[in-house]
Ligand SMILES: Nc1ncnc2c1ncn2[C@@H]1O[C@H](COP(=O)(O)OP(=O)(O)OP(=O)(O)O)[C@@H](O)[C@H]1O
Ligand SMILES: [Mg+2]
C-alpha cells in the first residue's frame, strides 16, 4: 500500500490530470459515470433518465447514503458497524411509540429516537474500546440485542410490532417524510427540476455537507485518518482515540435511526423488522466509494459516488429489459470491479508520483 | 560541571503490566541543556521508561516531577501540553496521509472562527516540508505527498522533525537513528546537540556506542528494568559503556576479555559492540 496520491483538494498546475488521478474519489466518480451511461442507454425506453425515474434510485440511495457516510467514517477509522440493521427499525418504532403511545410532540419524539440510538452507539463504542473485541463481533451482538429489544419493547408497550404514526404537522412531514417536486415555468414550457424526491434526499445532502466538513475541513477529520492509519501512534500523538471512536459509533447509530424515522413519517407506519439488507448495502456503498476496508483512507465524496452507483445498479434494472433476477449478480460484479478499479487508481497514482519525484 | 536545572524527574518509579514487572525503582533526572542517554539491552525497559515519561503509561508506584512539582500524566496529551515531545520506537507516521497531515496529526493548525475551524492545509504543508528539508531530506518538496511513498528513513526523519518542532522543553527520542543512513544519522546527532544548546532536555535511546558518545552528557544503563549504572560523560571509557550496553551481566568476564584482547592486539581496543 505504498501510495503517493495527492491529499484531498490539491491540484498543481500542469499536472491537473495526474492530480485528478491521485484523488481517492476519482475511481468512484468514474465508476458512477460509466454505470450512469450504461443504465441511461439501456433504460432510455423505460424513462430511467426522467425526473421521476431518477427519483426512484435517488430516494433509495439517500436512505443508504445517510448511513453509509458514518459507516465510511468508521471504516476509515478501522472499524465496522453492522448494528445499523436493527437501529433503522429502532428509530422508527421509538418515534412512533413516543408520539402515538406517549403523546409526545413529534420533534420531541425525534429527539428521544436520536438519544436512544446515541445510547446504543455509545454502548457499541464502549464495548469496542474497552474490550478490544473486533467491532464486527461487538456490533453483530448488539445487532441481535437491539433487534430483540425492538420486538420485545413493541409487544410489551404497544402490543404489536406494527406501529402506526399519523401525520402530525405540516412542518415535520415536510422535513422528515414527504415527496417534493420542483417545476419551473408555466404550462407550455415547464422545466421539471425534480419530481417526487423524498425528504430523506435533502436530509442526505445536508448531512453529507456536514460530514464533508467533519472529515476533510475540520482539524479533527485528520484524527479519524490517523486513528485508522496507526491507532497506537495516533494515541501517542495525543489524539483521544477512544472518545473519537465512541463518537463515531454514536454517529452511525443516530444516522441509522434517523433513516428509520424518515421512513416511519413517510409511510405512516413503523415496523420492528430488522433490515439485514441495509448492512450489506451500506458496506458496499462505502467500499465502492473507495474507502479502504483496512482503514486510514477514504473520502465523503467517494462514498457519495459509491452510493449513487449502488442506487442505480440496485434500482436501475427495473428500467431495462434485463431479467430482474440478474440484479444481485450485477451488484456483486459492481463490487468486484469497483474494488479492482480503486486499487488500480491507487497504484497508478503511486507510479505517477514516483516518476515525478526525480 | 554543575548540574543544570532539572526539568523532568522520576522518583522511585515502578511499572508493572499486570503480573509483569518491567521497571523497578527508577530514579533519574533529565536536566535542561543536557542529553541523557538511556542504554540497555533489548527488553531492558527503555521504551517502557520513556513511555512513562511521555504519558503513554502511568507509573504503578513512585512519582514524577516537572520543574520540581509533582505531575500526573494521564494521557500523552498532558505531557505534550507541558512541552514534552516524543519519537517512539515504532510507528509515528501514517502511510496513507499526506506529509503535512502527518506532521500535524493531533496538533492541527487551523484558520477560521468559532466552531467552524478549518484545517490550514497550506500552512501545515509549508511548515512540514520546511522542517523535513532541514533534516537533509531534500527530495521532499510537496506536502501533499502521501507518506507511504517515502522511504523508511525519510519517514523516521519526518517523525523526528515533528518532535523537534513541537518539543518546547523536553525531547525524547527512542532509537531515532535505527533506520537512518549515515548522513541522516549524523544529522539527528547534530539536531540533538542543537536542541541541547537551545536549553532543551533530551532523552536519547540508542544501541550504538558511537552515537551515545557523540551526544551524551549523562548515561543511565538499564538492566532488566533497574538502573545498573549511572555516570557522566568522561567517567567511563567507550569500552566500558559498550559492555554495559551489552547487558553488563558478566562485566568482569567482558573486562577480562577486553584486556586479553588488548594484550594480544598490541594495545588496541576491540571494535565497538553494536
Ligand atoms: N504493554 C506491555 N504489556 C506487557 N509487557 C510489556 C508491555 N510493554 C513492554 N512490556 C515488556 O517490558 C519489557 C521491556 O520492554 P521495552 O519495550 O521497554 O524494552 P526496550 O528496552 O525498549 O527494548 P528494545 O531495545 O528492544 O527496544 C519487555 O520484556 C516487554 O515484554
Ligand atoms: Mg525499545
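Throughout, read-outs are computed from the coordinates displayed, never taken from laboratory work. Since we're looking at a predicted model, the values are computed, not measured. Backbone-built Cβ (ideal geometry, glycine too); neighbour counts: all protein chains shown.
The listed peptides A:38-49, B:177-188, ordered by packing as a protection proxy, come out as B:177-188, A:38-49 (highest mean of other Cβ atoms within 10 Å first). Only Cα sites of the protein assembly as shown enter the Debye sum here, all with the same form factor; the resulting log10 I(q)/I(0) across q = 0.06, 0.08, 0.11 1/Å is -0.43, -0.70, -1.08, listed in q order. Of all beta bridges that DSSP places with both ends in the protein assembly as shown, some 65 percent have antiparallel geometry.
For segment A:64-221, taking Cα atoms only, Rg and Dmax work out to 18.8, 66 Å respectively.
For segment A:177-244, what are the per-bin percents of Cα-Cα distances with bins 5 Å wide, up to the bin holding the maximum? Values per bin, smallest distances first: 4, 14, 15, 12, 10, 9, 8, 8, 7, 6, 4, 2, 1, 0. One decimal place: the segment residue A:268-residue A:333 gains 19.8 nm when fully extended, by the rule 0.36 nm per residue minus the C-alpha distance.
Where both partners of a DSSP beta bridge lie in segment B:26-236, what percent of those bridges are antiparallel, to the nearest 5? Could you put the intermediate results ahead of the total?
On the way: 12 of 30 bridges.
Rounded to the nearest five, the antiparallel share is 40 percent.
Enumerate the residues in segment B:22-37 having an amide nitrogen under 11 Å from the point lying 7 Å beyond the Cα of residue B:60 toward its Cβ. Only B:22-25 pass the distance filter.
Picking from A:317, A:88, A:284, which is most flexible by a Gaussian network model of chain A using Cα springs under 10 Å? Judging by the Gaussian network model, the answer is A:317.
Taking 1 over the mean of 1/r across every pair of different Cα atoms in segment B:56-143, what Kirkwood radius in Å do you get? Please list the in-between numbers first.
Working: mean 1/r = 0.0642 Å⁻¹.
Radius from the Kirkwood sum: 15.6 Å.
Residue by residue along B:136-145, Cβ atoms of other protein chains within 10 Å of the local Cβ number 4 on average. Note on segment B:120-208: percent of Cα-Cα distances in each 10 Å bin, starting at 0 and stopping at the bin with the largest distance, equals 17, 50, 29, 4.
Of the residues A:56, A:131, A:262, the one that moves most in a GNM of chain A with alpha-carbon contacts below 10 Å is A:131. Mean partner shielding of peptide A:238-244, defined as the number of other chain Cβ atoms within 10 Å of each residue Cβ, is 4.
Starting from the coordinates of the alpha-carbon atoms of segment A:39-338, obtain the Kirkwood hydrodynamic radius over all distinct pairs and give the value in Å to one decimal. About 19.9 Å for segment A:39-338. Taking A:282, A:161, A:344 as the candidate residues, the one with maximal mean-square fluctuation in a Gaussian network model of chain A, Cα springs under 10 Å, is A:344. The radius of gyration of the Cα set in segment B:95-153, together with its Dmax, comes out at 12.2, 39 angstrom.
Note on residue A:202 and residue B:72: their simple-model spin labels are 5.2 nm apart, each label 7 Å out from Cα toward Cβ. For the residues of B:99-112, the average number of beta carbons from a partner chain within 10 Å of their own beta carbon is 5. Using a Förster distance of 41 Å, how high is the FRET efficiency between residue B:113 and residue A:194, based on the Cβ-Cβ distance and rounded to 0.05? Taking R0 as 41 Å, the efficiency between residue B:113 and residue A:194 is 0.75.
How high is the FRET efficiency between residue A:322 and residue A:108 when r is their beta carbon distance and R₀ equals 41 Å, given to the nearest 0.05? Walk me through the intermediate numbers first.
On the way: r = 47 Å, r/R0 = 1.14.
It comes out at approximately 0.30.
The fraction of Cα-Cα pairs per 5 angstrom bin, counted from 0 for segment B:26-236, comes to 1, 7, 15, 19, 20, 16, 11, 7, 3, 1, 0, 0 percent, rounded to whole percents.
Using 0.36 nm per residue of separation minus the Cα-Cα distance, give me the extension gain between residue A:50 and residue A:122 in nm, one decimal. Don't skip to the answer; put the middle values down first.
On the way: separation 72, 0.36 × 72 = 25.92 nm, distance 4.25 nm.
Roughly 21.7 nm would be gained on extension.
Would you mind pulling out the separation of the Cα centroids of segment A:274-314 and segment A:110-135, in Å? Segment A:274-314 and segment A:110-135 have Cα centres spaced 21 Å from each other. Entry note, the protein assembly as shown: the mean residue ellipticity at 222 nm calculated from DSSP H runs of n ≥ 4, each adding -39500 (n - 2.57), is -17000 deg cm²/dmol after division by the residues and rounding to the nearest 500.
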